[in-house]
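See structure below.
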Amino acid sequence: MNLAAIGVVGEEFGDPVVDVDRDDWLDAVQRARATGLTYLDMLTAVDDGDVFTVVTYLWSTADRAGVLLRTTVPRSDPTLASITPLFAGADWHERETAEMYGLTFAGHPRPGPLLLPDPVDASSEVHPLRKENVLTRRVETPWPGAADLT
């Protein structure tokens, strides 16, 4: 497995990490697959304020090793190429990430709601995992371990 063929390799928590440019995302995933990383374990995002970090973990069953690929997507243009044509299993991962963070996966074969009861699209303001959403349960319910010291 030649990770250098994918991009710049680093390491976090003992696992290899490859950071790729958003414009090279699809190509990097394709190169990763060509090097033997043929199993998609997961794909999700993290709201980092001005950008979303999209991460996917790919695994090589032959080498019994994996790599985390990640890229950043600006909040002002939350669009990233879909990897579903390369990994059919990315379908639900991308749909869930789109719904929860308001990202658009360009070229996704079946975009649409997956988990939420009411349809949420990229123009909607309701994306549950964005940092600007207040966890109303915490606001309405006092912390159970709080002590009344008055």
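If we scan the range 2-15, do we find a residue that is closer than 30 Å to Asn133 by Cα and modelled with pLDDT of 95 or more? Checked against the condition, which is being closer than 30 Å to Asn133 by Cα and modelled with pLDDT of 95 or more, the range 2-15 yields no hits at all.
The condition (being surrounded by 17 or more Cβ atoms within 10 Å (Cβ to Cβ) and either part of a strand (DSSP E or B) or touching a Gly at 6+ places or on another chain (Cβ under 6 Å) (or both)) is satisfied by just one residue among Phe52, Phe87: Phe52. Six or more apart or on different chains, Cβ atoms under 8 Å: show the pairs whose first residue is in the range 52-69 and under 15 Å from Phe87 (Cα atoms) and whose second is of a type in the set (Lys, Arg) and part of a strand (DSSP E or B). Once the first residue is under 15 Å from Phe87 (Cα atoms) and sits in the range 52-69, its partners that are of a type in the set (Lys, Arg) and part of a strand (DSSP E or B) give Val55/Arg70; Thr56/Arg70.
The values are calculated or read from the model by the stated rules, or taken from the named source; none is laboratory data. What you are looking at is a predicted structure, and each value in this text was computed from that prediction instead of being measured. In this analysis, Cβ positions are derived from the backbone assuming ideal geometry, glycine residues included, and neighbour counts consider all displayed protein chains.
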